[in-house]
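Notes to accompany the following structure.
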């Protein structure tokens with residue numbers, strides 16, 4: 001498992017902004033982040049699983 005930063009997650013999601021990412025987390029469209037040492041990260045495996053679920057839904 002790898003931890004993704006805001007910047008990395010935004011790039012994976014096609015250039016989404018910080019506010020768009022937070023909005024998607026609040027609405028349950030993205031997994032919740034992990035807080036470590038005052039910073040915010042996303043588990044890469046959770047993001048991949050989430051995106052895989054979106055791809056199979058289409």
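The residues of segment 3-15 that are farther than 14 Å from residue 33 by Cβ and either part of a loop (DSSP other than H, G, I, E, B) or in contact with a helix residue (DSSP H, G or I) (Cβ under 8 Å, 6 or more places away or on another chain) (or both), listed by number, are 14, 15.
Of all residues in segment 21-44, those satisfying the criterion of being surrounded by 12 or more Cβ atoms within 10 Å (Cβ to Cβ), out of contact with any helix residue (DSSP H, G or I) (no Cβ under 8 Å at 6 or more places or on another chain) and in a helix (DSSP H, G or I) are 22, 23, 24, 25, 44. For the residues 46, 26, 8, the requirement of being in contact (Cβ under 8 Å) with a residue 12 or more places away in the chain and on the phi < 0 side of the Ramachandran plot singles out 46. Residue 6 versus (1) at pLDDT below 95; (2) exposed (fewer than 15 other Cβ atoms within 10 Å of the Cβ): which is the lone unmet condition? Of the numbered conditions (1) at pLDDT below 95; (2) exposed (fewer than 15 other Cβ atoms within 10 Å of the Cβ), the odd one out for residue 6 is (2). Sort out which residues of segment 34-48 are within 14 Å of residue 8 (Cα to Cα) and in contact with a strand residue (DSSP E or B) (Cβ under 8 Å, 6 or more places away or on another chain), and write them in order of number. Result: 40, 41, 42, 43, 44, 47.
Residue count for segment 24-35, restricted to those that are more than 10 Å from the chain's Cα centre (by Cα) and modelled with pLDDT under 95: 2.
The values are calculated or read from the model by the stated rules, or taken from the named source; none is laboratory data. Remember, predicted model here, so these are calculated numbers, not experimental data. Every residue, glycine as well, gets a Cβ built from its backbone with ideal geometry; the counts of neighbours run over all protein chains shown.
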